[in-house]
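Inspection log for the structure reproduced underneath, given as structure tokens.
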Amino acid sequence: MTVELKTEADEPGWEVDPDDEWGVAVIATVGRQLKLRREAVGMRAGDFGKAVGYGEDLVYKIEGGKRIPRQEYLDRADEVLGAGGLISATWEDVKKVRYPKVVRALGKLEAKAVELLSYGNHNLHGLLQTEEYAGALLRTRRPVLPEDELERAVAGRMDRQKIFQRSPAPELSFVLEEVTLRRPVGGKMVLRRQFEHLVELAQLPNVEIQVMPMDRWDHPGTGGRIQLLKFGDGTAVGRMDDEFGGRPVSEPKQLRILELRYGIIRAEALAARESLTFIERLLGET
């Protein structure tokens, strides 16, 4: 059977970040294993490429640790080389390489948290964003992000949203400034789908979304974002834009300051039920 060679796997977004030491090591190891297994069965790169449905040049790039292989490439390679699932299993590590280091680090912390508290005074939290909204928001950065970096950033943001499927479910609290909801990021349809998404999330039993009306300015969130992650062992980490140099903190005294400020912010914001009604009204107006 002749397989049509695919070219999209060589599109931007699948390069290896040379500054990501862990990512470079993962892709180099996977590439080396693919090459050794191919040579062990006596297949040339061109023949192997045809068998898996990709061009010979891409085969060399993947084996040389220069490109991140797609899942379908690894699955097909596993089948062609008779690896019994060992090659396919590498996808669990390979897929993480696509996300920037900073996103992976944040995702690991969120994946362990039993409680997340977040106040945002400028943008919606990444965990709340739709893929379209995230892409539109990231395209506003200057200097402009290269398309491959933007794709990786959006993919990483979407992957972090697995937190909503976790069991047991963590407690998630978000306070959003009204202005962030009224800013037409991405245009009318993107914003409308974002509102629909917020309505769905707000009805999850472990998610509380509150809106801070624009006429309520006298609260301790005017200095910037507040984020607080609490873990099952009683530890926590948090940060605030205008406190502690904006650095993550974990000392009890520092965390108490963040919790105090977040508690006041929640008290000043609309209650969760009122906030849901507010978002539904914006949806109806969009």
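The values are calculated or read from the model by the stated rules, or taken from the named source; none is laboratory data. Remember, it's a predicted structure, so these values are computed and weren't measured experimentally. All Cβ positions, glycine included, derive from the backbone under ideal geometry; neighbour counts span all protein chains shown.
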With the structure loaded, tell me whether residue 111 is touching a residue at least 12 places away in the same chain (Cβ under 8 Å), surrounded by 18 or more Cβ atoms within 10 Å (Cβ to Cβ) and touching a Lys or Arg at 6+ places or on another chain (Cβ under 9 Å) or whether it fails that test. no
Under 7 Å between Cβ atoms, which residue pairs at least 6 apart in sequence (or on different chains) link something in region 221-246 that is touching a residue at least 12 places away in the same chain (Cβ under 8 Å) with a partner that is acidic (Asp, Glu) and outside any strand (DSSP E or B)? 223/241; 223/242; 224/241; 224/242; 225/241; 228/259; 229/110
Selection within region 157-202 - under 19 Å from residue 133 (Cβ atoms) and part of a loop (DSSP other than H, G, I, E, B): 183, 184, 185, 186, 187
Mind telling me which of the residues 194, 210 ends up being closer than 21 Å to residue 139 by Cα and touching a Ser or Thr at 6+ places or on another chain (Cβ under 8 Å)? 194
Residues being over 17 Å from residue 25 (Cβ atoms), part of a helix (DSSP H, G or I) and touching a residue at least 40 places away in the same chain (Cβ under 8 Å) - total across region 81-94: 1
Go through region 223-250 and report how many residues are assigned to a loop (DSSP other than H, G, I, E, B), surrounded by 11 or more Cβ atoms within 10 Å (Cβ to Cβ) and out of contact with any strand residue (DSSP E or B) (no Cβ under 6 Å at 6 or more places or on another chain). 5
Checking residue 174 against (1) without any contact (Cβ under 8 Å) to a residue 24 or more places away in the chain; (2) crowded, with 21+ Cβ neighbours inside 10 Å, the condition it does not meet: (1)
Residues in region 203-222 that are buried (at least 20 other Cβ atoms within 10 Å of the Cβ) and aliphatic (A, V, I, L, M) total 4
The listed residue being crowded, with 20+ Cβ neighbours inside 10 Å, at pLDDT below 90, hydroxyl-bearing (Ser, Thr, Tyr) and not assigned by TED's automatic domain parsing to the domain that holds residue 156, out of 73, 54: 54
